[in-house]
Amino acid sequence: MRIAIASDHAALSLKASLLEWLVEQGHEVADLGPYDGDSVDYPDFGYKLAAVVAEGTAERGIALCGSGIGISISVNRNPAVRCALVSEPLSASLAREHNDANCIAMGARLTGVDMAKACVTAFLETEFAGGRHQRRVDKLSNPTFS
């Protein structure tokens, strides 16, 4: 699977661990940065990740920052992307099954490497259920504010 991964400076170590593990699992992974420990702004990397997933260059995306909150908000600014903040495998699985999430976000200060791997595994292995969930997902990409 083609996967894009991005983080801020707080999640650099988790990103490196997941990147290496994903490649070992046989995935094609694009590291969208950052590449050193200098302080960066998570929205810049969230927007970059969202663009790559929205255009189809990557099938799925993994967004990481200290808490996962900020980068998930920035990724979700793109209407073609559905990014779920997850902290354990069940939420990652349900994000795929019910919400057709094409990205997940995690917090490096809150989620250890083994739990992050379990979340990614659930995210990548779960299929979208479709059916009654499809109309809800359609509404996420075409919001109305009435």
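Overview of results
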| quantity | calculated |
| --- | --- |
| Residues satisfying the stated conditions in the range 50-74, i.e. open to solvent by less than 10 Å² (accessible area, probe 1.4 Å), under 18 Å from Cys119 (Cα atoms) and either touching a Gly at 6+ places or on another chain (Cβ under 7 Å) or among the basic types (Lys, Arg) (or both) | Ala63, Cys65, Gly66, Gly68, Ile71 |
| Subset of the range 95-117 [open to solvent by 40 Å² or more (accessible area, probe 1.4 Å) and in contact (Cβ under 8 Å) with a residue 12 or more places away in the chain] | Glu97, His98, Asn99, Arg109, Leu110, Val113, Met115, Lys117 |
| Selection count where residues are within 23 Å of Asp8 (Cβ to Cβ) and free of Cβ contacts under 8 Å to residues at least 60 places away in the same chain, scope the range 118-128 | 2 |
| Cβ pairs under 7 Å, 6+ apart, first in the range 13-39 and closer than 17 Å to Ala122 by Cα and assigned to a loop (DSSP other than H, G, I, E, B), second open to solvent by 40 Å² or more (accessible area, probe 1.4 Å) and at pLDDT 95 or above | His27/Met1 |
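The values are calculated or read from the model by the stated rules, or taken from the named source; none is laboratory data. Since the model is a prediction, treat every value here as computed from it, not as a measurement. Note that each Cβ is placed from the backbone with ideal geometry, even for glycine, and that neighbours are counted across all protein chains shown. Each accessible area value is taken on the protein alone, full model and side chains, heavy atoms only, with ligands, DNA and RNA left out. Shrake-Rupley method; radii C 1.70, N 1.55, O 1.52, S 1.80 Å.
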